[in-house]
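J.: Please find one structure pasted underneath; my questions will follow.
Nothing in this text is a laboratory measurement; each read-out follows from the coordinates by a stated rule. Because the structure is predicted, anything quoted here is derived from the model rather than measured. We place every Cβ from the backbone using ideal geometry, glycine too, and count neighbours over all the protein chains shown.
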Amino acid sequence: MEQEDECIRNFARHCHSFYLSSLSPASSAQSSLHQTQSSSSSLDEETATTNNTCDDLAQMTSDGKIVLEAFDRICAIGAINNNAIVQDGPLPNLQNEHDLCAKRHCDLLKACGLLEIDHFTTLNNAATLLQKYTEVRDTMRRQAHKSAMTHRQNSFFELLSLAEQDCVTYPVETCTLPTETTSSNHTTTSFDGIKDILSSIQKFVRKYQPKIGSHSFLAGLHKFIHLQLTPKSENRHQRSDPSYVVQWTFRGSVLTEACVPTGVDGDELSYAREALKVLFSFLILNKKDDIEGGSLENASEPMVSFEIHKLVSNATLRRILNVLPNPKDLDARATGSLTMLTNSDNEKVARRENVDGHLDETWPLFHSNFLVDYCTVL
């Protein structure tokens with residue numbers, strides 16, 4: 001019994017390593033190896049530690065794959081035996097594959113109790129043992145999902161903080177931007193600044209629109225801007241009303257769990273990083289409804305809320321809308337929820353200061369977006 005428990009613990013460790021590395025390479029390096037950075041100032045020692053960590057992680061992932069494949073074969077063989085399908089079919093092939101794997105990785109399978117198929121198929125406690133291993137596998141998979149999600153959420157918060165550092169934010173108590181603060185920020189009103197915003201959005205769209213995982217985000221962004229420009233008919237506000245402010249709230253997992261391929265050097269958060277760059281180019285993070293986070297135990301997710309930067313004019317929003325893909329060309333519904341911010345006894349909504357574009361720098365007549373602007377006016 002003691003030996004069986006030891007085998008199950010080894011099996012659990014390999015399952016955890018494999019699932020965690022499959023879901024999030026960065027988090028698996030932290031959670032599976034439990035290593036801390038050396039305090040040594042020697043660059044050679046630091047490099048050696050990093051290389052060893054990568055080698056160990058690759059070996060653990062490989063071992064975990066071998067162990068799980070062996071267990072899957074055993075489960076398949078057990079299912080075939082229970083159905084009395086012995087002749088022909090896949091049974092001989094599965095047994096041969098297991099025998100070959102047992103020869104190549106004898107010590108590994110023996111440590112996990114997977115060397116002998118009979119222990120799971122014909123012995124008296126075979127069904128009980130198989131159930132124990134199955135429960136351990138499923139538990140390790142759930143834990144790996146939780147660990148990977150926690151890692152991505154923490155990384156998202158870090159990205160959010162970094163993206164916000166270079167942007168103008170609003171005092172928590174009033175959410176109102178002082179005039180003296182706005183005078184130093186020209187990125188949303190100058191000709192070059194607006195061109196940079198449009199260029200950033202165009203590059204993002206060209207890169208990620210072919211990936212269906214980005215479609216809900218792009219559709220949500222389009223819907224958000226469209227509602228800011230076009231209030232619903234029952235709304236008493238006009239599009240030119242500075243007090244008409246729309247807020248877009250969505251889950252952080254929209255960016256971290258988008259199933260978009262990783263970037264260069266395996267950067268699993270490259271999509272989230274570039275999406276935040278687009279958002280912060282012309283939006284502000286609402287400080288009163290900043291982040292709603294929670295533990296994974298109650299399945300809550302971090303929420304982020306954005307509104308239009310107070311110096312972004314409706315003309316700029318129309319230009320942005322023109323470079324975003326038409327929702328009809330996207331294969332997903334808009335993500336998030338849209339609400340109109342209103343004044344209350346405890347808070348005051350910051351009015352948009354440049355709705356009509358009176359602070360915008362005059363654009364040259366025949367600029368690169370001349371046809372777009374001309375068609376928009378028509």
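J.: Which FRET efficiency value, to the nearest 0.05, do you get for R318 and S161 by plugging their Cβ-Cβ distance into 1/(1 + (r/R0)^6) with R0 = 30 Å?
T.: In this case the efficiency is close to 0.45.
J.: Calculate, in nm to one decimal, what A76 and D329 gain on full extension: separation in residues at 0.36 nm each, minus their alpha carbon distance.
T.: Gain in length upon complete extension: 86.7 nm.
J.: Report the local net charge at Q3: Lys and Arg +1, Asp and Glu -1, summed over other residues whose C-beta lies under 13 Å from its C-beta.
T.: Neighbour charge sum, excluding Q3 itself: -3.
J.: Could you please report the charge total around S22, scoring K, R as +1 and D, E as -1 over all other residues with beta-carbon less than 11 angstrom from its beta-carbon?
T.: Overall, the nearby charge balance is +2.
J.: Go through K65/K207; K65/K110; K110/K132; K195/K223; K207/K328; K203/K232 and tell me which ones have a Cα-Cα distance over 25 Å in this structure.
T.: Over 25 Å apart, Cα to Cα: K65/K207; K203/K232.
J.: Another one. Report the net charge of residues surrounding L218, where surrounding means a beta-carbon distance below 14 angstrom and charges are Lys +1, Arg +1, Asp -1, Glu -1.
T.: Computed value for this residue: +4.
J.: Let me ask something else about it. If r is the Cβ-Cβ distance from T342 to T139 and R0 is 41 Å, what FRET efficiency results, to the nearest 0.05?
T.: 0.30
J.: Once all Cα-Cα distances of the range 199-258 are split into 5 Å bins that start at 0, what whole-number percent is in each one?
T.: That works out to 4, 15, 21, 19, 16, 12, 10, 3, in percent per bin.
J.: I've got another one for you. Please give the peptides 135-143, 221-229 ranked by average Cβ packing (other Cβ atoms within 10 Å per residue), highest first, as a rough proxy for protection.
T.: Top to bottom by mean Cβ count within 10 Å: 221-229, 135-143.
J.: Same structure, new question: Fully extended, how many nm does the chain gain between Q59 and S22 (0.36 nm per residue separation, minus their Cα-Cα distance)?
T.: Between Q59 and S22, full extension yields an extra 12.0 nm.
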